[in-house]
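Derivation of every value follows stated rules applied to the coordinates shown; laboratory data play no part. Just so it is clear, the model here is predicted, and its values are computed rather than measured. Heads up, the Cβs are rebuilt from the backbone with ideal geometry, glycines too, and the neighbour counts pull from every protein chain shown.
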Amino acid sequence: MAGITLLAQIQLLSFFLITLVMPVHVYPPPGSTTTRDANRPRRRRNNTHAPHTLRGQLAGWHADREDGRSFLRAMIPSWKTERSADDVIYNPFRLLGMVKAMDWLYFISGWFAWTVDGFDFFTVTVTIEKLESYFDRSTTDIATSMTLTLMFRSLGALTFGILADRFGRKWTLVVNLLLIATFEFCTAFTSNYAGFLGVRALFGIVMGGVWGQAAATALENVPVPARGLLSGIMQGGYTLGYVLAAVANLALTDRYGWKSVFYCGGAISLLAAIIRAMLPESRQYILAREQLKAEGLSGGQTARIFLKELKLMLKVNWLRCLWGICLMTGFNFLAHGSQDLYPSYLRQTKGLTENHVSAATILASGGATIGSAFAGYLSQYAGRRLGAMIFLLWTAAWIPLWIIPNTFGALSAGGFLIQFGVFGTWGVVPIYLGEISPPAFRASFAGVTYQLGNMIASPAAQIQADAGNVMKTWGVNLTKGKWVPDYATVQGIVTGTVIVWLFLFLFLGPEADGSHFDQAKVAFQEGGGTAEPSEFVRADHGHFHAHDDNRVNLDLERGHGLTNPLAAHEKLPTDHSFAIKL
């Protein structure tokens with residue numbers, strides 16, 4: 001009864017706080033323009049400070065300060081719909097209908113790459129009991145492999161992110177996926193614990209390269225109004241990978257052994273590589289190469305430009321880098337703290353059967369997939385930061401239902417609702433990081449901050465496993481009468497603490513909602529490293545903050561040469577001849 005009362009109190013408090021941060025406003029119908037948009041176009045703020053200084057970086061921290069608001073006022077997130085210069089479309093099916101056929105293929109390739117990445121990571125999670133028996137090791141020892149995987153992902157994000165920004169998205173991602181398939185197969189062939197740890201560490205390096213490339217591939221080719229919804233769908237691929245891994249474990253392990261799950265992971269990674277290889281390079285890079293060809297620049301000259309722009313980007317974005325790492329540390333603690341040991345929590349602390357553990361895991365991951373898409377859609381109107389905060393409140397409200405009950409039905413409901421919130425918050429991440437990243441370095445910046453946060457959060461599973469060995473409780477159901485790890489309390493403490501951390505850094509975070517980052521120069525073009533995310537937020541009816549020298553292939557946009565598919569999606573060639581020519 002006390003748990004139910006606490007649950008009700010937290011829910012009421014959360015919904016009350018939501019009403020405080022969501023201002024009452026009568027929104028214009030789709031297709032109309034608000035008075036403020038019509039009469040007061042956005043202006044780039046006059047930044048008199050050196051770009052690399054603290055003040056210089058904070059001057060462009062929030063793109064939406066056209067009404068003279070102070071920096072402190074701009075930190076408070078507010079509903080964004082009335083500030084959109086584009087036609088406001090609320091129908092999600094209409095948003096999806098804006099996406100052209102070729103854009104869908106780009107999106108699906110990025111989404112599928114991220115889905116198989118999730119599958120391959122969680123093959124260890126769903127087979128952890130079998131791995132303990134096979135290698136004769138404890139849960140903590142097997143969790144060490146997950147820690148190593150997470151720790152080495154930042155190295156892969158740096159390596160493959162830089163390669164993707166330098167050479168393009170296509171072949172970098174293809175090679176990345178082929179290496180993932182290789183190490184997933186190798187995991188199944190390991191015969192001892194040391195070899196298992198070594199292979200999973202190498203797997204972590206190549207796994208770390210996928211997210212930044214997948215997010216860039218999926219989102220940079222689709223219309224701006226649809227990016228919020230598609231961001232949530234794209235990020236939900238990771239939890240779908242979790243579901244597929246759990247299903248594979250349920251269907252294959254008892255009959256064919258735990259290695260069959262890893263064989264399955266390697267096979268679908270190969271399929272993802274084939275799909276990406278069949279599609280052309282991202283349009284932004286196609287046009288950039290056309291411009292370099294017209295200018296007669298050699299490969300060596302292009303490489304020198306890239307290195308110069310990379311140094312400039314780091315010089316003028318060091319504050320953004322530090323903030324991004326802190327933010328993504330919180331996001332990764334939230335995800336791994338609520339998910340990695342969830343099957344062990346249900347099995348050991350709550351004493352559920354193996355079938356119930358698998359079913360509850362699948363239901364929770366289904367909630368995560370749905371929540372991710374819903375939050376991404378909401379962020380298109382609420383704004384990225386406010387949308388994420390709303391879902392953090394939702395997550396906090398359902399912690400009691402997640403950890404207090406002992407029955408399968410109640411625990412499944414709690415798992416569904418908590419993951420709906422956790423990965424709802426995550427659904428905003430791909431587009432939010434894409435918009436606030438230095439435009440020419442989206443794959444490397446977003447990928448590295450993501451994976452450095454992952455590295456810092458990598459001990460999450462091991463910390464919880466160790467804490468569970470210290471914090472004990474009496475078991476229930478199948479473990480009744482036994483002294484078992486109290487993972488319920490551990491997960492509740494970790495999740496609550498991380499929610500507070502994320503609220504703080506989202507509040508302090510930059511904003512560039514609705515950025516047309518696909519209009520920016522790429523990393524191997526002069527001026528790419530100094531472009532600010534806020535420059536590519538549309539001002540009024542098509543005008544940008546950005547100077548012409550920071551936009552990609554301006555001559556091509558004006559009709560000199562190729563028709564620029566970046567300026568307007570309705571002009572994109574979407575027939576098969578486009579792919580064949582490339």
Provide the packing ranking of 205-214, 148-157, i.e. peptides ordered by the mean count of other C-beta atoms within 10 Å per residue, highest first.
205-214, 148-157
Measuring from the lowest to the highest alpha carbon on each principal axis, how far does the range 94-507 reach, largest first, in angstroms?
77, 47, 40
Just subtract the alpha-carbon distance of residue 477 and residue 501 from 0.36 nm times their residue separation and send over the number in nm, one decimal.
5.1 nm
Residue 138-residue 278 pseudo-label distance in nm [points 7 Å out on the Cα-to-Cβ vector]
4.9
Please check which bits of the range 442-466 a label hung off residue 321 would reach, taking the label as a point 7 Å along Cα-to-C-beta and the cut-off as backbone N under 11 Å.
445, 449
For the range 392-488, what class follows from the C-alpha gyration tensor (a ≥ b ≥ c being the square roots of its eigenvalues): rounded when a/c is under 1.5, otherwise prolate if a/b is larger than b/c, else oblate?
oblate
Please give the contour-minus-distance gain from residue 470 to residue 251: 0.36 nm per residue of separation, less the Cα-Cα distance, rounded to one decimal in nm.
75.4 nm
In this structure, the FRET efficiency calculated for residue 406 and residue 194 from their beta-carbon separation, with R0 = 41 Å, to the nearest 0.05, is 0.60
Beyond 27 Å (Cα-Cα) in this structure, taken from 259/482; 100/311; 130/480; 130/350; 170/293; 315/521, we find 259/482; 100/311
Mean-position separation - Cα centroids, the range 169-204 and the range 294-348, in angstrom:
21
Taking Cα centroids, how far is the range 384-398 from the range 438-500 in Å?
19
Given the Cα-Cα distance of residue 489 and residue 90 and 0.36 nm per residue of separation, how much length would full extension add, in nm?
139.6 nm
Sort 371-381, 262-272 for me by packing, meaning the mean count of neighbouring Cβ atoms within 10 Å per residue, highest on top.
371-381, 262-272
